[in-house]
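The values are calculated or read from the model by the stated rules, or taken from the named source; none is laboratory data. Quantities reported herein were computed from a predicted structural model and do not represent experimental measurements. Glycine gets a Cβ as well: all are built from the backbone with ideal geometry, and neighbour counts include every protein chain shown. Only protein heavy atoms, including side chains, enter the accessible area calculation; ligands, DNA and RNA are left aside. Shrake-Rupley method; radii C 1.70, N 1.55, O 1.52, S 1.80 Å.
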Amino acid sequence: MDFPFPSPLQVSMRKTDLPNSESSTGQAVGAERPELTELRARKKLLADEARPEAVAKRRKSNQRTARENVADLCDPDSFLEFGGLAVAAQRARHTEENLQRISPADGLITGVGTVNAAGFGPERARCMVLAYDFTVFAGTQGGWNHKKTDRMFALAEEQRLPVVLFAEGGGGRPSDTDWQIVAGLDLPTFTRFARLSGLVPRVGIVSGKCFAGNASLLGCCDVIIAAEDANIGMGGPAMIEGGGLGVYAPEEVGPIDVQFRNGVVDIRVADEAEAVRAAKKYLGFFQGPLSTWEAPDAAALRDLIPENRRRAYPVRKVIEGIADVDTVLELRAGFGRNLVTALGRIEGRPVGFLANDSRHMGGALDADASDKGARFLQLCDAFNIPIVSLCDTPGFMVGPEAEKTALVRHTSRLFVTAASLRVPYFTVVLRKAYGLGAMAMAGGSTHNGFFTIAWSTGEFGAMGLEGAVRIAFKKQLAEIADEAERDAMFRQLVQLAYERGKGTNAAAFLEIDDVIDPADTRRWLIRGLQSAKPAERESPRRFVDTW
């Protein structure tokens, strides 16, 4: 059969027969087409090598470039950049060529890649990355990079992609000329990012200055990792001065010492390299279990609680003695220091730890600790991470000064949050379990979680036992005139209260499930994790509170 045009095979044969043939454009076969050459040249302008002066400025401040941070975070050859050809919306002020040189990617690198694929596989390692570039107009939010963030946040929602945000930058950019706005208050960027709360993990990283709009996005993140050189504020020096509030250097606004103590910063690190390492470790908890792990020395737990029941001890040693070796990552260590919140693993499986720290306020729960604990419970519940509560508390903090902190409302957040948890909850009483504070640590009740157990050092009471004796026997003690005799009677009554409040007695009355050798803690938790019903997810949690 004759064809009206040559077959593909015939065409192929003809080209083979004519090695010096030309394409339809007149170019020699195998030569690069001019539009591809032009594209390569254009994309070279995105590389750090094209901007040596900008890179030199980062080196002077001991910082890395945005592209270096992205490359360090993502697995090799996994990052796909979206929107890299954008430039600043300032064509009325600069030529196209100059904009390509001074504003690559419009100061915001965005794309998708993988993080920790070697440990979890490429599907579970999927991640979206956004990195503001401080070398482009101080990392400000320009017109086109707002469009990029909107596109990426919508994609993250659709594809359920975790988000890592390098947030360094000065907020909104007033110098853009190519888009017509009055105030830009209709931008959907912040709503779209906020809508990801409870849906996907979101990590914010800051080195250097982070103000205004950049700080707003940072504040929406589930966890904030900040370097020693970080300054974080809802308004930078220009905005502060413009509001008539004084003149300040950038370093005076929201320094790391302030933002770590007040709870804004979850993880404090030395520099960007350590920040990226922390981000990778944090993301790993939301990427699933590990198939290999190293168990700590279980017997060492027996010696961590002092024989003197009044002595404080480092509860972080208890967490490390329960969790797999080198897996613990503490959050918000500088804030609400009487309560420790940390992520870790048990036989490779991610868990969240709550623990009273007796070295601060005796482990009592105040307003800050209650906020910290409630928000941590929300975070774990949103992403199916079981919770291990290590209780050693004299209860809620009380007194006129404590009530000035709105204690009634803040402490109640623990009860309200725990009541809606869908993940398994395990309580281990290390020593003191007194009053409402102990009930809050147990998720609202010692029968509310999957199990409540106590170490052999555990003790229970409706309030502190010495205080209970003073109140219950106030009249009888007052009737004893001799001080030594009165003191002896008080000690005797307290000892009786201790006997009644022993963990074994609480277990005998079925108020808790068992009393165990501390060395058996991991075995109980492993069996609990294997036995507890997984959380049912008809829909994701509405959001994780930013505070």
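A compact table of results
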{"read-out": "Shape metrics for region 85-137, restricted to C-alpha atoms - Rg then Dmax, Å", "value": "15.7, 49"}
{"read-out": "Three semi-axes of the equivalent ellipsoid, region 270-343, Cα gyration tensor, whole Å, largest first", "value": "26, 18, 9"}
{"read-out": "Volume per residue of the C-alpha convex hull in the chain, rounded to whole Å³", "value": "230 Å³"}
{"read-out": "Antiparallel DSSP beta bridges within the chain, percent to nearest 5", "value": "35 percent"}
{"read-out": "Area projected by the alpha carbon convex hull of region 252-301, averaged over all directions, nm²", "value": "6.1 nm²"}
{"read-out": "Interchain or long-range residues, amide H under 5 Å from Val223's placed H", "value": "Arg202, Gly204"}
{"read-out": "Derived scalar couplings ³J(HN,Hα) [region 275-284; Karplus, 6.51 cos²θ - 1.76 cosθ + 1.60; whole Hz; x for Gly, Pro]", "value": "4, 5, 4, 5, 5, 4, 5, 4, 4, x"}
{"read-out": "Length gained when the stretch Ala273-Ala118 is fully extended (0.36 nm per residue, less Cα-Cα span)", "value": "53.9 nm"}
{"read-out": "Per residue, in Å², the accessible surface of region 372-416 once ligands and nucleic acids are set aside, probe 1.4 Å", "value": "38 Å²"}
{"read-out": "P(r), alpha carbons of region 460-503 - 10 Å bins starting at zero, rounded %", "value": "30, 52, 17, 1"}
{"read-out": "q = 0.16, 0.22 Å⁻¹: log10 I(q)/I(0) that the Debye formula gives for region 111-216, counting C-alpha atoms only", "value": "-0.73, -1.23"}
{"read-out": "For region 218-275: Kirkwood Rh in Å [reciprocal of mean 1/r, alpha carbons]", "value": "12.1 Å"}
{"read-out": "Listed residue (Gly83, Gly503, Gly263) projecting farthest to the positive dipole end of the chain, Cβ model", "value": "Gly503"}
{"read-out": "Using alpha-carbon coordinates, inclination of helix 8-17 to the longest axis of the chain, degrees", "value": "60 degrees"}
{"read-out": "Per DSSP, loop trypsin sites (Lys or Arg not before Pro) in region 141-198 with at most 12 further Cβ within 10 Å", "value": "Arg160"}
{"read-out": "Fully extended contour minus Cα-Cα distance, from Ala194 to Val416, at 0.36 nm per residue", "value": "77.7 nm"}
{"read-out": "Highest to lowest packing among 449-455, 507-513, 290-296, scored as the average C-beta count within 10 Å", "value": "449-455, 507-513, 290-296"}
{"read-out": "Rg(Cα)/(2.2 N^0.38 Å) for region 211-343, N = residue count", "value": "1.35"}
{"read-out": "Relative contact order of region 190-290, pairs being alpha-carbon contacts under 8 Å that are 6 or more residues apart, as %", "value": "27 percent"}
{"read-out": "Fraction of accessible area attributable to carbon and sulfur, the chain (%, probe 1.4 Å)", "value": "55 percent"}
{"read-out": "Fraction of alpha-carbon pairs over 11 Å apart in region 399-443 - percent", "value": "72 percent"}
{"read-out": "The chain, relative contact order in percent, only Cα pairs under 8 angstrom and at least six apart counted", "value": "9 percent"}
{"read-out": "Rg [Å, one decimal], Dmax [Å, integer] - region 493-543, C-alpha atoms", "value": "17.4, 53"}
{"read-out": "Size descriptor, Kirkwood hydrodynamic radius, that averages inverse alpha-carbon separations across region 164-273, Å", "value": "14.8 Å"}
{"read-out": "Alpha carbon Rg of region 398-530, scaled by the compact-globule rule 2.2 N^0.38 Å", "value": "1.27"}
